[in-house]
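K.L.:
Got a structure for you, written out below as structure tokens; questions coming shortly.
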Amino acid sequence: MTAPTDLSDVLATDPFSRDDIVRLLRAEGDERLRLFRHAAAIKEQHVGKVTWLRGLIESSNVCEKDCLYCGIRAGNRNVTRYRMQDDEILEAVRFASEQGYGSVVLQSGEIRHAAFTARVSRLLDAIAGIGDGAMRVTLSFGEQDEKTFREWYEHGARRYLLRIETSNRALYARLHPNDALHDYDARLRCLALLRETGYQVGTGVMIGFPFQTDEDLADDLLFMQRIDVDMVGMGPYIEHPDTPLYAHREALAPVAHRIDRTLKMVAILRSMMKNINIAAVTALQALDPVGREKALAAGANVIMPNITPERYRNAYTLYTGKPCTDEKPEECATCMDLRIAMAGDTVGYGAHGDSVHWTARMAKEGR
Ligand code: 5AD
Ligand code: FES
């Protein structure tokens, strides 16, 4: 079936087909703006003109994996590796709590080890004692086993971010070494386990890496809809010279194209999954100084201010051109308020900002 040619007809279609999504991804000029306005209206109606903040703590750049695109991959010898101490992490959480952030995200390279599991559990216990004990914790520690996911849930973690990176199995194999440690099916299993455990589940993809097509991007959005995610963070791929994928930079779409596709992916996803949380990601700001504000205007409703101590921030370089690596967390907070106001939103201080989608699902399931 071919997609309707009139943009209004496409926007009124529910659910979107793959062709509809590709049509929207390629919208230009006035049609492109209509797509963004459509998404903004849906955002206002279903989740409000509110941006939720999550303080991002990059707790360590030590990683056992070797993803072909990532700057902190194990094989990159040009990285100064660090691990934040427990008290440094807790201090950052305290800062987030004082700022009125409803939530923090703890992220690091992937380590699978009983001692790591136990350490995170201890940290979660300590975080429960900070402020009024209401801080929502999101974990982003990669693939782990079922027992570990459960243990962290029992210690209070309620959200988990694990990007699928691409829903296309063949592309996944081009982005990762082909070994047991980088297995597409294992990633899918983890997403299912997280859901079963009761987490608000977040996933996402990289946009505009070599060999990826608009059809692949359409499939990515359909994948997110199919697994019924609660949160999404997706951003432009940014080439890193110390990674194998850099060799394919000739096949890379121009920066403007990657920004365009990222904004459209946000807008289309907001139209498809009206009440989920969608992040305006930092990688977008790395390519466009006001990229995150544009994403908020196109339907995103979450920003993750980086509250990693400055001395570590430079070493957590997944990609090049990471913004604000010299700013103190306090400076970042003031700047963020202004940016969000510029995008026409208010800041959701003092509340968790749970995914409305998740809250509705839990109520339906009687959990
Ligand atoms: N460009 C953009 N995003 C990247 N990530 C890792 N490397 C890059 C890169 N070169 C993203 C991945 C990962 C997240 C933490 O950072 O999607 O899941
Ligand atoms: Fe660390 Fe991919 S390189 S998880």
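K.L.:
Calculate, in whole percent, how much of the Cα-Cα pair population of the stretch 232-367 lies beyond 23 Å.
P.N.:
Everything past 23 Å amounts to 42 percent.
K.L.:
Oh, and also: P(r) for the stretch 93-150: what percent of alpha-carbon pairs falls in each 10 Å bin, starting at zero?
P.N.:
Here the calculated profile for the stretch 93-150 is 21, 51, 26, 2.
K.L.:
Once you have the Kirkwood Rh of the stretch 192-235 from its Cα pairs, apply Stokes-Einstein at 37 °C and 0.692 mPa s and quote D in µm²/s.
P.N.:
This corresponds to a translational diffusion coefficient of 290 µm²/s.
K.L.:
For the stretch 1-144, what is the percent of antiparallel DSSP beta bridges, rounded to the nearest 5?
P.N.:
Roughly 10 percent of the beta bridges in the stretch 1-144 run antiparallel, per DSSP.
K.L.:
From the phi angles alone, apply the Karplus equation (6.51, -1.76, 1.60; θ = phi - 60°) to the stretch 44-53 and give each ³J(HN,Hα) in whole Hz, x where the residue is Gly or Pro.
P.N.:
4, 6, 9, 10, x, 8, 10, 9, 8, 9
K.L.:
Using amide H atoms built 1.01 Å from N in the peptide plane, name the residues 5+ places from residue 200, or on other chains, whose amide H lies under 5 Å from its own.
P.N.:
Counting only residues 5 or more places away or on other chains, the set is 159, 160.
K.L.:
If you bin every alpha carbon distance in the chain into 10 Å steps from zero, what whole percent lands in each bin?
P.N.:
5, 25, 36, 26, 7, 1
K.L.:
Please report, in cubic angstrom per residue, the volume enclosed by the convex hull of the alpha-carbon atoms of the stretch 130-281.
P.N.:
On the way: hull volume 20.4 nm³, N = 152.
Spread over its residues, the Cα hull of the stretch 130-281 gives 134 Å³ apiece.
K.L.:
Here's another thing I want to ask about it. Under a 5 Å amide H to amide H cut-off, with H placed in plane at 1.01 Å, what residues pair with residue 278 once short-range neighbours are removed?
P.N.:
232, 301, 302
K.L.:
While we're looking at this one, here's another question. Kirkwood hydrodynamic radius, computed over distinct alpha-carbon pairs, for the stretch 1-124: how many Å, to one decimal?
P.N.:
18.9
K.L.:
Between residue 80 and residue 34, 0.36 nm times their residue separation minus their Cα-Cα distance comes to what?
P.N.:
12.0 nm
K.L.:
Can you give the log10 of the normalised intensity I(q)/I(0) at q = 0.23, 0.24 Å⁻¹, computed with Debye over equal Cα scatterers of the stretch 200-280?
P.N.:
Ignoring solvent entirely, the Cα scatterers give -1.06, -1.12.
K.L.:
With Kirkwood's inverse mean 1/r over C-alpha pairs for Rh, give me the Rg to Rh ratio of the stretch 3-60, two decimals please.
P.N.:
Rg/Rh for the stretch 3-60 comes to 1.16.
K.L.:
So if each residue of separation counts as 0.36 nm, and I subtract the Cα-Cα distance between residue 170 and residue 249, what length gain in nm does that give?
P.N.:
26.5 nm
K.L.:
Here's something else I'd like to know. When only alpha-carbon atoms count, how far does the stretch 120-190 stretch along each of its three principal axes, as whole angstroms with the largest first?
P.N.:
47, 19, 15
K.L.:
In whole angstrom, how long is each semi-axis of the equivalent ellipsoid of the stretch 291-359, when you take the square root of 5 times every eigenvalue of its Cα gyration tensor and sort them from largest down?
P.N.:
That gives 23, 14, 14 Å for the three semi-axes.
All of the numbers you see were taken from the coordinates with simple rules; none came from a lab. This is a predicted model, so every value here is computed, not measured.
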